[in-house]
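Below: one structure, written as structure tokens.
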Amino acid sequence: MATNVIYEYGRRLAVPCTFPATPASGDPVIFGDLPGVAIGAEDTDGKTVVQFEGVADVSVKAIDGGGNSAVAAGDVIYYVNGDTPALSKKSTGVRYGVAMEAITSGSTDTINVRIG
């Protein structure tokens, strides 16, 4: 391996998350424009261990920029800071991943989302 490679795999790293301000374990998070899920709570140094790959079971609201919009398996999901929950089909946010399950229009549900 090259001597300048710091980590061979970057699936799980401790980083200062951009959103939310103070992540808790299981929260969807953003680091710059990279989506992930917090593995634990933020530490005293302001860093959170984040899983940047895989599939997470996260809360998603079935809305887009125009209002209620059903989520279908395969739809792109975005992270919108300030929304509750932060994940939806609103393309004004940071791309979070792809829905692996469906949600009826206007509903909020916890579904599997492929991160990335």
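The numbers here are math on the coordinates, done by the rules we state, and not lab data. Note that the structure is predicted; figures quoted are calculated from it, not measured. FYI the Cβ positions are ideal-geometry reconstructions off the backbone, even for glycines, and counts take in every protein chain you see.
Pairs linking a residue in the range 39-60 that is in contact (Cβ under 8 Å) with a residue 24 or more places away in the chain to a residue that is among the charged types (D, E, K, R) and part of a loop (DSSP other than H, G, I, E, B), with Cβ atoms under 7 Å and 6 or more positions apart or on different chains, are 48/42; 51/11; 52/11; 53/11.
If you go through the range 69-112 and pick out every residue that is within 18 Å of residue 32 (Cβ to Cβ), surrounded by fewer than 21 Cβ atoms within 10 Å (Cβ to Cβ) and aliphatic (A, V, I, L, M), you end up with 1. Put simply, of 24, 38 the only residue that is surrounded by fewer than 16 Cβ atoms within 10 Å (Cβ to Cβ) and within 24 Å of residue 83 (Cβ to Cβ) is 24.
Candidates 24, 72: the one that is within 28 Å of residue 104 (Cα to Cα), small (Gly, Ala, Ser) and out of contact with any Gly (no Cβ under 9 Å at 6 or more places or on another chain) is 72. Taken over the range 45-68, the criterion of being surrounded by fewer than 22 Cβ atoms within 10 Å (Cβ to Cβ), closer than 12 Å to residue 14 by Cα and of a type outside the set (D, E, K, R) is satisfied by 46, 49, 51, 52.
Restricting the range 1-21 to residues that are in contact with a strand residue (DSSP E or B) (Cβ under 6 Å, 6 or more places away or on another chain) and part of a loop (DSSP other than H, G, I, E, B), which is surrounded by the most Cβ atoms within 10 Å (Cβ to Cβ)? The extreme case among them is 17.
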